[in-house]
Every structure is written in structure tokens, then in C-alpha cells.
Amino acid sequence: MSHDALAEARIASPEAVDPGSGESSDGPAGLAHVATASFIGSRIVPTGGFAVGLAGGIALARVGQRHGLRPAYGASLAAMLQAVAVMGPLRIGIPLTQSLSAPLLGHMHARGASVAAQLAACGAIRLLNQIVTILFYIWIVAGGLKTYAATYDALTDNLPGFPEGVTGALVLTAAGLVAWTVFASAVQVFVYRRALLDWPAQAGAGMPAAIPATVERSDDEVISRIPRYDPRAVAVSAAIAFAALLASVDPIVLSAVAAWLALAWLTSRADRAPVRAGLALAAMLAAGALVFGLVGGIGVELTLQRVARVTLLVLVATWLRATAGEEGLREIFRRTLHRVRRLPPMAEASAVLDRLGATGALAASARALAHTVRHVPRRMTPLAIAVLGWIANEAARFAIPERKQQAELRVRTWDAVLVAFAVAAAASLLTTA
């Protein structure tokens, strides 16, 4: 049996199957759809992303409980990729920890693992992910460990009892990470366990399948959004620009990447929807880099260079989503997963991603959640029950969309020129050696 056939078998549930849909009442695709909606919401809200993402974590834990570890991680990867296709890569770290830990916690719950074991597993995954995240933040936004420590010293100079220097900054940061890890892991484990124990037995009974919302567009608007560039060329160019920005803050490199990005924006038929969120995030991170640089005393010139790098990183990510488009990114992910389908759980992720719908279905689920909690008392227990009902019902009534014919991608001269200019911008690194 082929890897694709095995994956199809793993994600199929032995019970409650709708013959017309090919998906069980709590199958991986429906639960991955719910996780996608939740994870997108966690990235949209300015604060409280962890709480919003709990619904997605519950859905993925349910896959782990009902279908096993490989289908659960396949559903988790598919949900994250679908979320990136819809929104781009910005703020993807917010739901990442739950996407990494929820499948394992659901599987451990099904195997009767103790609460202590689940807390240890969740805490280890969360702490490792947070360490990587904070180190990246210190390197990119804060401008390095010395600047981070100098800013820490400036802020705690008049506060008694705080250790000083690099050691003090790392000790206080580590203490904060451990405290958040303990709290967030406890919330995850107990919320997941309670949800899995109280899962509704008749979820979605008698409910119609969700119908994706449609948006009418004029012919001119549709034509204007036909992508000029092959999404693969867009992804490769963005990756090259990212690498160059991560490698150096030299003004020559920054100017070269900025010039390439300006040309890429001007020649792209880009979707304007992601631009506002991208500009807001760029402004926020740029302000953080500015504060770290000025308070940390690294000088105005180097501070501005680091501000420019942070801004360009966000703008490149925004351009990637705006230019490649949702379907373009989905097609890249589909083809990549198919090529590596022999690796677990890539075949399962590919099978689930093929079943997921586009933005309209996610918007319909978001409206269903708003309707569900509209008249619920604003207390923890009633809200938790209502959200659990929404998760189960949305997964149960999820309708697998008709599978589209694989998009026909073709590299043209414009695509080669785009990549060539990105390579030329990255080649400016040679002048800084």
C-alpha cells in the first residue's frame, strides 16, 4: 500500500462516517479545520492569543485521543500550514506551542498517562519553544545579548535586589519563562483533559454542513489579482531576502534588499488584505528595536540599522503572503508535503490539507462561534461548555470541499528575473566580508 493510501486510512474514522463526505463526525480534517480557525484568531487578537488558541489545541488533542499520534501531528501540521496560507507567516509563534504539544497530550490521555506525565511533556515542549523564541527576539529585535542586558540594567538600576549585567538579565528572563511555562502548561493540560472527558456524544446531530461564505468581486478586481509571479518564485525570493537580512545589518545589504522589495511590490499584483496587519506588526517591532537600541546605548546609527532590518523582515513576510496568495501558498505546501510524504507525519498532513477548505469556511466557523457565545454568561464554566460545543459541532458538520484540480504552475521569464534580483540583493553580503 502506498504512503498516500496509508495516510488516507489513518485519517479515516471507523465510526459515524457520512458516506457523502468521507469524513467521520470527529475526523482529523474537521478538527484540523477548527484548529485552523482558532489559530488564526489567536494571531489576530492583540492580546490573549494563548486563550483563543486553546480551542485549536483541544481539537488537535481530540485527534490524538481518537486517531493516534501520527494523524494528530499530521492534522496539526496541516492546520498550521493552512493558517499560514490564509494569513502569512506573521505571528505564527503564538499558536505554535499548542500545535506541538496538543497531539501528544491527547494521545497520552487516551493511553491513561498521569497528569504529572502530561504536565512534564507539555512543559518540556513549551519551555524549549520559548527558549528558541526569546533567543531569536534577543538577536533580532533587541540587537544582541549585550544590548538586551544593557537595557535590562537601565530599567532595573534603581530597583533593589535585582542582579546586574548579562547574568541578571538571563536569570530574570529564565525566571519569567519558567513561571509562564508552569502556568500555561497547567492550563493546557487541565483544559484539554476536561474537554476530552466531557466531549459531546451527539455533536453536530441534525445540523447542516457549513457552507463557505462567498464574496462577490467585480471582473476588474478579479483580473487585477491574477498573480504575476509563480508562487514558488515568490517563496524562493522571500527566503533569499530573509537569509540576507538575518545575516547582516550592513547598510549596503539593507539598501539592496529594500530596493529589491520595492521593485517586487511595484511589479506584483498583490492582495492588499494582509498589508494593514503587516504594517502594524512592523511598527510595533521597530519601536521595540528602537527602544532597545537607544536605552541599551549601542548608538543611533546601529540602532537605526536594526530597526530597518526588523521592518524589512516583516515587510518581506507580508509581501510573500500578499503576492503568492492563499491558493499559491497552499499549492506550495501541497507539493512540498507530497515530495516528503515518506517522512512521518507528512503523508497524513498532506491528506488533511487536501480536505481543508479556504477562507470562506473559516469565516463561517468564526461566525458560528460568535453566535454560540453571544448569550452565554461571561463566566468561565458556561463559556468553556459553549466553546467545547462549538468545537465538536464545527468538526462534526465540516463538509469536505470538492477537491480542486491541481493548479498548473509554470515558471516564466518574470519569475526568473524576480529570483535573480533577490540573489543580486543577497550578493551584497560579499561586500561586507
*Can you find even one residue in region 128-147 that is within 15 Å of the chain's Cα centre (by Cα) and surrounded by 22 or more Cβ atoms within 10 Å (Cβ to Cβ)?*
no
_Given (1) in a helix (DSSP H, G or I); (2) more than 17 Å from VAL34 (Cβ to Cβ), index of the condition VAL387 fails_ = (2)
*Looking at region 264-309, which of the residues that are surrounded by fewer than 20 Cβ atoms within 10 Å (Cβ to Cβ) and among the charged types (D, E, K, R) is modelled with the lowest pLDDT?*
ARG269
*If you take just the helices (runs of 4 or more DSSP H) that sit entirely in region 26-134, which of them hold at least 1 residues that are closer than 19 Å to LEU177 by Cα?*
49-67, 93-110
*If you check VAL189 against the conditions, is it assigned by TED's automatic domain parsing to the domain that holds TYR73, touching a residue at least 40 places away in the same chain (Cβ under 8 Å) and not small (Gly, Ala, Ser)?*
yes
*From the list LEU312, LEU320, LEU356, which one is within 30 Å of PHE292 (Cα to Cα), under 18 Å from the mean Cα position of the chain (by Cα) and surrounded by 17 or more Cβ atoms within 10 Å (Cβ to Cβ)?*
LEU320
*Only one of these is buried (at least 24 other Cβ atoms within 10 Å of the Cβ) and more than 23 Å from ALA277 (Cβ to Cβ): ALA78, ALA35, ALA59. Name it.*
ALA59
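The values are calculated or read from the model by the stated rules, or taken from the named source; none is laboratory data. These numbers were taken from a predicted model, which means no experiment stands behind them. Neighbour counts are summed over all protein chains in view; Cβ atoms, including those assigned to glycine, are modelled from backbone coordinates with ideal geometry.
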